[in-house]
Amino acid sequence: MVPVLVVWLALCLSGTWAVDRSNFKTCDQSSFCKRQRALKPGESPYRALLETMELTNTRLTLQLINDNNKVRLLLELYRLQGNMTRVKINELKPLKPRYEVPDVLVREPPTEPLSVLSQDENGVVLSLGVESQRVIVSAQPFRLDIVEGHNVLMSLNSRGLLAFEHLRMRKDTQAEPEAENKEEADTAHQAETTKEEEEKVEEGMWEETFKSHSDSKPNGPSAVSLDFSLPGVEHVYGIPEHADTLRLKTTDNGDPYRLYNLDVFQYELYNPMALYGAVPVMLAHNTQRTTGIFWLNAAETWVDISSNTAGKTVFGKMLDYVQGSSETPQTDVRWISESGIIDVFIMLGPTPKDIFSQYASLTGTQSFPPLSSLGYHQCRWNYNDQEDVRSVDAGFDEHDIPYDFIWLDIEHTDGKRYFTWDPHKFASPKDMLQGLKDKKRNMVAIVDPHIKVDSNYKIHNEIRSRGFYVKNKDGGDYEGWCWPGNAGYPDFTQPDMRAWWASMFSYDQYEGSMDNLYTWNDMNEPSVFNGPEVTMHKDAVHGSWEHRDVHNLYGLYVHRATMEGLIQRSGGVERPFVLTRAFFAGSQRYGAVWTGDNAAEWDHLKISIPMCLSLGLVGISFCGADVGGFFKSPSPELLVRWYQTGAYQPFFRAHAHLDTPRREPWLFGPENTALIREVIRQRYTFLPYWYQLFYHAYRTGEPVMRALWVEYPQDPATFAVDDEFLIGRDLLVHPVTEEGARGVTAFLPGKEEVWFDIHTFQKHNGAQNLYIPVTMSSIPVFQRGGSIIPRKLRVRRSSACMEHDPYTLFVALNTRRTAEGELYIDDGHTFNFDNKEFIHRRLFFSNNVLSSVNVAPEAQFTTKSWIERVVILGASKPRKVTLITAGKLKTAEAPVFRLDFDFDASVSVLTIRKPSMNAGEDWSMALQ
Amino acid sequence: MFWYLLLLWGGISAVEVQRPRGVPLSKRPFYEENKPFTCLDGSRTIPFDRINDDYCDCQDGSDEPGTAACPNGNFHCTNAGFRPTFIPSSHVNDGICDCCDATDEYNSGAECQNTCRELWRKEKESMQKLAEIAKEGFLLKQQLIQEAKRGLEEKQTKLGEVQNSKKDLETNVEALRTAKEAAEQPEKEAKERHLKAWEEQNAAIRMEKDKVRMAEVFIELDADGDGFVSVAELLSHSEMDPDSSDGSFTEAEAQELLGGVDKVNTAAFETIWSKIREKYVSESNTDGPAPVETPQEEVREPVSDNDSEPYPDDDIPEEEDEDEDEDEDEDMDDGDYKSPPVTRTDEKKDDSEEGAMPPYDQETQNLIDAAQKARNEFEEAERALREVDDQIRNLEKEISFDFGPSSEFAYLYSQCYELTTGEYVYRLCPFNRVSQKPKYGGSETNLGTWGKWAGPEGNVYSVMKYEQGTGCWQGPNRSTTVKLTCGKETVVTSTSEPSRCEYLMEFTSPAVCQEAPDLEVSDIHEEL
């Protein structure tokens, strides 16, 4: 126990409430980053050997040579369907294969033919087919330019930072740093490379240490790097996960943004340090176009961003403009990875939504979650025992607050042995689960990937006997310290390991589990308390690869195997729900993520917005932050504000550290209880809208929680907004995130738009900064004029209890007095929607007629839900309202019902009473 | 219209009173059949057929008592055979059985059983049990109150007694103090006399010894035995160089030492003896294995407390001071009563040949013994007075302690109750502290010391709060809330830690029992 205690204390005592930066590497402390960053822009030593060019129907290949060391690389260029270009660079003849990331792309991306437009000794021009898009391959120095007409959209290696550390034999086999004497022998024996610049053996190439940890680096240096220039671009986004603003900052005066999945204890805000997950996707945007760069590499990666306009004041920019002396704004980015190959997908947009669909075509879309998982989640480390669970569950009913999931953290297990239950505290888990099921509620129990080394533990014995553990550099099972003490780490990169893991979730294997028990994967960076940077040693071994190569993928594989387990246990019928902390490109396919161990501080509440927006941009829609803050204890004001914010974010879960006082919603006095109850109930009224948006995210890859610029791509005022956000395109949310706020100023986007306050129905024009006075009950949320949002106003104990309840349609008219929306209904929990068992209707209002038409006539589903009310915002008073329903539309003598209505002239709101048609049928309603 | 729900007339028992679903009997007059209905908040009036038509017309939800249409409505479960109750409208037809008469799930497909009679039976049983406990407990409580009352009286009596005895004790202490002081004066004088005599005697001895030594030294110095110590003879003793720092002992210096003459005889030597006494190193010592032998250079170093040489180093005297302070402290501590007193250790060291102070003469010793006796008696009396003070303080504390309205909790005072769980032994010592000790070894943790009664208003004595226990890492000090419930026995029934370092203990005691309520619980009805 001593070592774990020491590590734990070291972790805990390091700085009271801030990350201990010394536990994590800076670029200078990561030898490849230091080495690569030392290279400055200049003429590239690489030359394209045009004579080696081969063009087939699907790809172009040609060799590149580094004139300094004569090492040859192979460039592969693909034109992909959907306006994308793929650039792959690998060594022509590597000493041994280099890692190419598997399992992230949903398929080998389909290609389209490339054609040569022109060619001479200086280069080749290829057509990308679309419009006037071309790729120019320049031979010396080697660079790639993607152009459209006369505009350069993106240049690769234009700054000459392409660097490819080729694999080599170790020259200093005695591990002596001075091996210069052998240099001669080496060069002599490589006849071809007599002029080769002497390869300097730098410190850190063959071994490096960080704190007390040594990385044996048996393969030596293997880093890759490439620069991208983005003319006309001043705004870049993405590359989560960082606790930073939505708009990425330039990194000239500090470290690059780092992508290396790490369990960072008490992370700091507004800096480029690595966090739990990594998605190497960057979006670049200006008023003309959105483009994207997907750098498919799972090793430790650093991203440098610089800009020629960074640091210029608005006045300076204006002066440039007036004087006409302005150089085109340009952003330059540079990617550096420790190993693997260069495999880049250049997504050419041109719209943000094109980027989402392009990226989705590569890595897939957000999994369509069960409806219940969009409800409220009550979590804490830890609910102590079954009685505790029962009483918290009862508390929700007593205070008439809905919730769908209660969560159990690590203490529920028998000694941190996952898949088991503490025999005293959770002696009869099925009784507990049945109790929840009787209320149509669910539970999540944690299953982490570190496995207690204990010969009395079935899971451990099986993994060990099947050889499924990650190995250390010496070939033994890799072991590290985590919650259970000494633990092994299953090698989730192995398909048979994943299959076995998935099988552990079957009801007969996972004792005490039931169909309303779901799973949470924490610590899957992986977190190793006594490892370098609290993670696994890079020279640990996964089959034929080093941990170095696969690190950022580990969490994705854990998530995937768990999700597959939940699907399989139901025979492929039920949709899974799995929350993960670590993630990579493609993790959206497996479930939800959260922003890890945040703190009960106002700034952490604020940062939840850009953190989830950034994830949304790269396909991961199901995102949330711990409501209330994990570490520390929130003031009641902060807690209420956090509920109000979290209720309008995709994954809505309250969570708290073991050492904090209890904070169930009713523990802060009747006033705060009422405030929290109100906002959770608001969430439930919007569940039909959330569900429909997730269906869309599943279909298209469009984010559910959206940055404003995604919907208003031509309005630069939206480009850096990250204190408010859109849900879909129809709800605008500006949460109150300031302590003691008396008001907030929300930006209402869109010159043509009008926005309706969802609480007061007051109408506001778009393209303005609106000051909104607030009280503790205020949550500034606006519905876009021109939209129709279906809601269920009968809030019940849980989402499942509301299944058959009727809808209220909120029709917000725009200036043209039209509106449209959708209604999506299915069973809420199975994959049957994939077999066309759903209702998908388009609702539209124009010429004073509101209609519902079927947009999926081939689909079949029936619902008991009906339309109980239609609320039209921005309406004028009709003389009468009539309804024609189902089937009868076709018959000449269709009976026409007159409907009752109320009109509130003060806010121009028309409420149509009880039209009562079934939500799945065709109908039409006329205001006359 | 299809979704229009017919009004269903409530009640399942034989005696039916017709009223809209979900309306309690008391509100029936507001729902008059076929007459326009005014929302109970008076906000509007609607046709009667809009009551329970599954659409919310009234802001207060009063038009939909029997459906889930209004977000803020309530549904009345008649629960014939059990206790009627209201449930939130959101629980109507949500597929979960809430009313024991199953009336809330009339259109959800949920298969609810009427469990009212069963519930009533169970509740009756448990109420009876509780009532029995309460009854017996209440009797016990009366005894406790009587005992407490008696205890209180006893304590008050005791307090009175003790307070009286305190007065005597105080007088006694004063008398003994005077006696002690009276006995100490002659003791002090006698001891001083004794000491003085001894010191005088010592001085005489020292002088005699010095003379002897002087003669010895003279003979040693007078190397040629001519009866004179000459400059030359003196020069052979370089240690006597008055300014030793220059390292040379000159003739002039030697002459000066001899008082300006070339040689001195025995008589004249007497006048210079005092100048050389301290420096002189006997020849027999210089090469003999004398225990005090030190190289000449180091002789200067302070070797004993009362070395007359000035200290060359600033630091040492400081240390010395401290040492002396300590010495003095010790002297004060143990000097008084020791007989015979031990002289200061340094003196003793220096004058070891002189030996210890001789015992007191009988007269002095008698005085000392008498004074010691007076001191002992005085202290004894003082101690007794302190004890009485403590006793009074404790009694007053106990008497003034809030042991409940009738002191019924007094019996818990200075008791402890334990509960053993899987890992720990919990110990509650009411009005004192709560602690936790690992079952299998390990030290005890304080979970809080007595803070206050902390029950809700009107029932303050139902909860005890123990605060300021051992601190938690990065957290609050441990604290414990003790919930008291009526029971015949006084036992800790459970402990838990709902929040880190905030403990909850359940404790039963007859002292919490209330007068047993009349059985046949009033709000349970068998029939409408």
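What follows draws every value from the coordinates through simple rules; no lab data is involved. Quick caveat, the model's predicted, so the values are computed rather than measured. Note: ideal-geometry Cβ built from the backbone for every residue, glycine included; neighbour counts use all protein chains shown.
Take each residue in B:92-101, count the other chain C-beta atoms within 10 Å of its C-beta, and the mean is 4. Legend: residue pairs A:Lys25/A:Lys632; A:Lys70/A:Lys96; B:Lys437/B:Lys488, Cα-Cα distance threshold 20 Å; pairs beyond threshold, A:Lys25/A:Lys632; B:Lys437/B:Lys488.
Please state the shape class of the protein assembly as shown: rounded when a/c is under 1.5, otherwise prolate if a/b exceeds b/c and oblate if not, all from the C-alpha gyration tensor.
Cα axes put the protein assembly as shown in the oblate bin.
Could you work out [θ]222 nm for chain A from helices alone, using -39500 (n - 2.57) per DSSP H run of at least four and dividing by all its residues? Round to the nearest 500 deg cm²/dmol. When only DSSP H runs of four or more count, the value is -5500 deg cm²/dmol. Partner shielding of A:268-274 amounts to 0, given as the average count of beta-carbon atoms from other chains within 10 Å of each residue beta-carbon.
Region A:429-480 and region B:183-248 have Cα centres lying 92 Å from one another. Once backbone amide H atoms are built at 1.01 Å from N, A:Asn598 has A:Asp626, A:Phe630, A:Phe631 as its partners under 5 Å, excluding neighbours fewer than 5 places away on the same chain. What does the C-alpha gyration tensor say about the overall shape of region B:410-509? Classify as rounded when a/c is under 1.5, otherwise prolate if a/b is larger than b/c, or oblate. Judged from the Cα gyration tensor, region B:410-509 comes out oblate (a/c at least 1.5, b/c at or above a/b).
Remark: region A:790-801, residue by residue, has Karplus-estimated 3J(HN,Hα) of x, 10, 10, 8, 8, 7, 10, 4, 8, 4, 5, 5 Hz, where x stands for each Gly or Pro and the curve is 6.51 cos²θ - 1.76 cosθ + 1.60 at θ = phi - 60°. Phi angles across region A:499-504 convert, under the Karplus curve 6.51 cos²θ - 1.76 cosθ + 1.60 with θ = phi - 60°, into 3J(HN,Hα) values of 5, 5, 4, 4, 5, 5 Hz, Gly and Pro given as x.
Residues whose amide H falls under 5 Å from that of B:Val425, counting only those 5 or more places apart or on a different chain, are B:Lys437, B:Lys439, with hydrogens built in the peptide plane. Of interest is the spacing of the C-alpha centroids, which for region B:483-517 and region A:743-778 amounts to 53 Å.
Rg over Rh of region B:149-279, using C-alpha atoms and the Kirkwood radius, what does it come to? Ratio of gyration radius to Kirkwood radius: 1.64.
With 10 angstrom as the radius, rank A:Arg653, A:Arg21 by how many other C-beta atoms surround their C-beta, starting from the fewest. Ascending number of Cβ neighbours within 10 Å: A:Arg21, A:Arg653.
Per-residue mean of other chain beta-carbon atoms within 10 angstrom of the beta-carbon, peptide A:794-801?
Other-chain Cβ atoms within 10 Å of each residue's Cβ, averaged: 6.
Remark: the protein assembly as shown carries a charge dipole of roughly 14300 debye about the Cα centre, counting +1 on each Lys and Arg Cβ and -1 on each Asp and Glu Cβ.
Simple rule: put +1 on each Lys or Arg Cβ and -1 on each Asp or Glu Cβ in region B:103-179, find the dipole, and look at B:Asn114, B:Leu144, B:Gln128; the Cα lying farthest toward the positive end is B:Leu144. What separates the Cα centres of region A:508-528 and region A:816-850 is a distance of 35 Å.
Over region A:389-472, Cα pairs under 8 Å with separation of 6+ residues give a relative contact order of 28 percent. Determine the alpha carbon to alpha carbon distance for each of A:Lys249/A:Lys606; A:Lys914/B:Lys35; A:Lys93/A:Lys217; B:Lys167/B:Lys373; B:Lys129/B:Lys155 and list only those over 25 Å. Flagged as over cut-off: B:Lys129/B:Lys155. The packing ranking, built from the mean of other Cβ atoms within 10 Å per residue, places the peptides A:71-84, B:193-206 in the order A:71-84, B:193-206, highest first. Contact order, relative form, for region A:825-928: 33 percent (alpha carbon pairs under 8 Å, 6 or more residues apart, mean separation divided by residue count).
For region A:539-580, the square roots of the Cα gyration tensor eigenvalues, ordered a ≥ b ≥ c, give a/c of at least 1.5 with a/b greater than b/c, which places it in the prolate category. Using all pairs of distinct alpha-carbon atoms, the Kirkwood hydrodynamic radius of region B:15-113 works out to 13.6 angstrom.
Between the amide H of A:Val618 and any residue lying 5 or more places away or on another chain, no distance stays under 5 Å, with hydrogens modeled in the peptide plane.
Relative contact order of region A:601-676, please, whole-number percent, based on alpha carbon pairs below 8 angstrom and at least 6 residues apart. Walk me through the numbers on the way to the answer.
Working: 82 pairs, mean separation 22.3, N = 76.
In percent, rounded to a whole number, it is 29.
Computed about the Cα centre, the dipole magnitude for region B:410-509 is approximately 120 debye when only Lys and Arg (+1) and Asp and Glu (-1) carry charge, each at its Cβ. Positive end of the dipole of the protein assembly as shown (Cβ unit charges, origin at the Cα centre): among B:Gly66, A:Gly415, B:Ala183, the Cα lying farthest that way belongs to B:Gly66.
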